[in-house]
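J.: If you scroll down you'll find the structure; I have some questions about it.
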Amino acid sequence: MNRSRSATWVKLMAGTAVLSLSLAACGSDDSGEEAGGDTSPSASESDTSETFTNDKCGGGTSSADTFKVGGILPLTGNLAFLGPPEIAGVGLAVSEINAAGGVGGKDACYQMEDSGDSTDMSVSTASAGTLVSSKPSVVIGAASSSVSLNFVDTLTDAKITQVSPANTAVDLSGYDPFYFRTAPPDTIQGNALGTLITSDGYQRVAFIVFNDTYGTGLRNYTQETIEANGGEVVYGAKGQGDEFPAGQTSFSAEVTAALNANPDAIVVLAFDESTPIIKELDAQGWDMPKTYFTDGNLSDYSESFDPGLLEGAQGTLPGNDPDEGFKDRLIGWYDTAEGDTLKDFSYGAESYDAVILAALAAAKGGDTVSTTVQENYAAVSGATDGEECTSYETCLTLLDDGKEIHYTGPSGIGPINDQNDPSSAFIGIYKYNGDNVPEIASVVEGAPAG
């Protein structure tokens, strides 16, 4: 799949408008060493000689004796499809860190807990409590913004650094000093999606959106762009009260109401609820190529629907399109650890970069406790104008030489800003093929509001 990009802004598709984002702004099981000579693990070509390790934390470990990565990621619930790539990103990063000698002589390990979803917050509450007790160096998660908002204060009160690879709700920008993310806020994705829709020539847009911090926030920013480009939202607009509760399973009424508004495009903002929504849209005769999705439901539906149902439908996903070498490494680690084939890569790069940045922050500060990670996280991302480096090992060498660094990983994000958000990020534009699988068409880059 080809990717088209320039230094600042790129076009969505051939002949469409450039985005205008001048906004005011999810104990070691094996042992082994990484091979490959001078080839960086993050280089574009895959190192087929790499040996992956599945380094789970043993009982009684803490940030006092290990670089301990906690995870609160969707093992169950309506975002469970994001669990495998995010877990693969975490596990691959830990494997790479240990292959390079660990952090300050201490081994790295990970402890994965379930985030569940926003329909049962008790799952993430319990997981946060478990991790607080185990004293990690960093916690990666959650995927859902609403779920992160449920436990972020628990981690902050314990002075534990949290990095989400997938949260996009604007409410989390600058939320507190211990919360970071490697995914951009919805000001960027909303602008990209709204521009895509109107560039495709659609002016009357309906939203079928769940009542969730992520869903309503992304709807609001997409609506702003649609209206700024001369379009209108004819159903599901901000303030109309058409949102449905997360976890709903029947959508006849919502789809009927949306179609009665005579839209020429429909945006579905939901998680697992998307499958019955798609079925209902099809049953009521909607022209499916005029449907748009986002990161919460831009999924492989090849086993869910008849071939061709979603062909031509489009969607957006925050994050750069990682090169095939990195995807091969995610696949390799997941096969080693889980004995299964990784089929989705959403937020895998962001999860990987979240861990690598945390390890470099610990190395820079000379300690694996979480407060040290928090104090140095922005600096190693390039906030102090350091020397660019693209792998844990090469960055560590620069730190050992007393230099400031700017780690640039496969997610393609810019340095962490004063809101603890990426200062720049990419949004992928995807189109469904005849097998109901999304394929990347192009990438746009922008900066968050602020």
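J.: Could you check, for region 255-272, whether at least one of its residues is modelled with pLDDT under 95 and open to solvent by less than 20 Å² (accessible area, probe 1.4 Å)? Can you show your working first?
T.: Taking region 255-272 first, the residues modelled with pLDDT under 95 are 271-272.
From what's left, open to solvent by less than 20 Å² (accessible area, probe 1.4 Å): 271.
Among the residues of region 255-272, at least one is modelled with pLDDT under 95 and open to solvent by less than 20 Å² (accessible area, probe 1.4 Å), which makes the answer yes.
J.: Of the conditions (1) farther than 25 Å from VAL132 by Cβ; (2) open to solvent by 20 Å² or more (accessible area, probe 1.4 Å); (3) in a loop (DSSP other than H, G, I, E, B), ASP367 satisfies every one except a single condition; which number is it?
T.: Unmet for ASP367, out of (1) farther than 25 Å from VAL132 by Cβ; (2) open to solvent by 20 Å² or more (accessible area, probe 1.4 Å); (3) in a loop (DSSP other than H, G, I, E, B): (1).
J.: I'd like the full set of residues that are among the polar types (S, T, N, Q), out of contact with any Lys or Arg (no Cβ under 6 Å at 6 or more places or on another chain) and either assigned to a loop (DSSP other than H, G, I, E, B) or closer than 30 Å to ALA64 by Cα (or both), limited to region 157-215. First the steps, then the outcome.
T.: Looking only at region 157-215, we keep the residues that are among the polar types (S, T, N, Q), and these are 161-162, 164, 167-168, 173, 182, 187, 189, 191, 195, 198-199, 203, 211, 213.
If we keep only those that are out of contact with any Lys or Arg (no Cβ under 6 Å at 6 or more places or on another chain) as well, we get 161-162, 168, 173, 182, 187, 189, 191, 195, 198-199, 203, 211, 213.
Within region 157-215, THR161, GLN162, THR168, SER173, THR182, GLN203, ASN211 qualify.
J.: Further question on the same structure: Does VAL139 qualify as being hydrophobic (A, V, I, L, M, F, W, C), at pLDDT 95 or above, under 23 Å from ALA362 (Cα atoms) and touching a Leu at 6+ places or on another chain (Cβ under 9 Å)?
T.: Working: hydrophobic (A, V, I, L, M, F, W, C): yes; at pLDDT 95 or above: yes; under 23 Å from ALA362 (Cα atoms): yes; touching a Leu at 6+ places or on another chain (Cβ under 9 Å): yes.
Against the criterion (hydrophobic (A, V, I, L, M, F, W, C), at pLDDT 95 or above, under 23 Å from ALA362 (Cα atoms) and touching a Leu at 6+ places or on another chain (Cβ under 9 Å)), VAL139 qualifies.
J.: For GLY91, state whether it is surrounded by 24 or more Cβ atoms within 10 Å (Cβ to Cβ), modelled with pLDDT of 95 or more and assigned to a strand (DSSP E or B). Working first, answer last.
T.: Working: surrounded by 24 or more Cβ atoms within 10 Å (Cβ to Cβ): yes; modelled with pLDDT of 95 or more: yes; assigned to a strand (DSSP E or B): no.
No, not satisfied.
J.: Tally the residues that are in a loop (DSSP other than H, G, I, E, B), in contact with a helix residue (DSSP H, G or I) (Cβ under 6 Å, 6 or more places away or on another chain) and aliphatic (A, V, I, L, M), restricting the search to region 430-450.
T.: Here the count works out to 1.
J.: So which of ASP335, ASP328, ASP353, ASP295 ends up being crowded, with 21+ Cβ neighbours inside 10 Å and assigned to a helix (DSSP H, G or I)?
T.: Values: ASP335 fails: crowded, with 21+ Cβ neighbours inside 10 Å; ASP328 fails: crowded, with 21+ Cβ neighbours inside 10 Å; ASP295 fails: assigned to a helix (DSSP H, G or I).
ASP353 is the lone residue from the list that is crowded, with 21+ Cβ neighbours inside 10 Å and assigned to a helix (DSSP H, G or I).
J.: Do we have LEU317 as of a type in the set (A, V, I, L, M, F, W, C), assigned to a strand (DSSP E or B) and open to solvent by less than 50 Å² (accessible area, probe 1.4 Å) here?
T.: Working: of a type in the set (A, V, I, L, M, F, W, C): yes; assigned to a strand (DSSP E or B): yes; open to solvent by less than 50 Å² (accessible area, probe 1.4 Å): yes.
It is true that LEU317 is of a type in the set (A, V, I, L, M, F, W, C), assigned to a strand (DSSP E or B) and open to solvent by less than 50 Å² (accessible area, probe 1.4 Å).
J.: So which residues in region 381-395 are over 22 Å from ASP323 (Cβ atoms) and buried (at least 20 other Cβ atoms within 10 Å of the Cβ), if there are any at all?
T.: GLY386
J.: Would you mind stating whether GLN223 is touching a Phe, Trp or Tyr at 6+ places or on another chain (Cβ under 8 Å), part of a helix (DSSP H, G or I) and either surrounded by fewer than 18 Cβ atoms within 10 Å (Cβ to Cβ) or not hydrophobic (A, V, I, L, M, F, W, C) (or both)?
T.: On the way: touching a Phe, Trp or Tyr at 6+ places or on another chain (Cβ under 8 Å): yes; part of a helix (DSSP H, G or I): yes; either surrounded by fewer than 18 Cβ atoms within 10 Å (Cβ to Cβ) or not hydrophobic (A, V, I, L, M, F, W, C) (or both): yes.
Answer is yes for this residue.
The values are calculated or read from the model by the stated rules, or taken from the named source; none is laboratory data. It should be emphasised that the depicted structure is a prediction, and the values quoted were computed from it without experimental measurement. Glycine also receives a Cβ, built like all others from the backbone with ideal geometry; neighbour counts cover every protein chain displayed. Just so you know, the surface numbers come from the protein's heavy atoms only, side chains and all, with ligands and any DNA or RNA stripped out. Shrake-Rupley method; radii C 1.70, N 1.55, O 1.52, S 1.80 Å.
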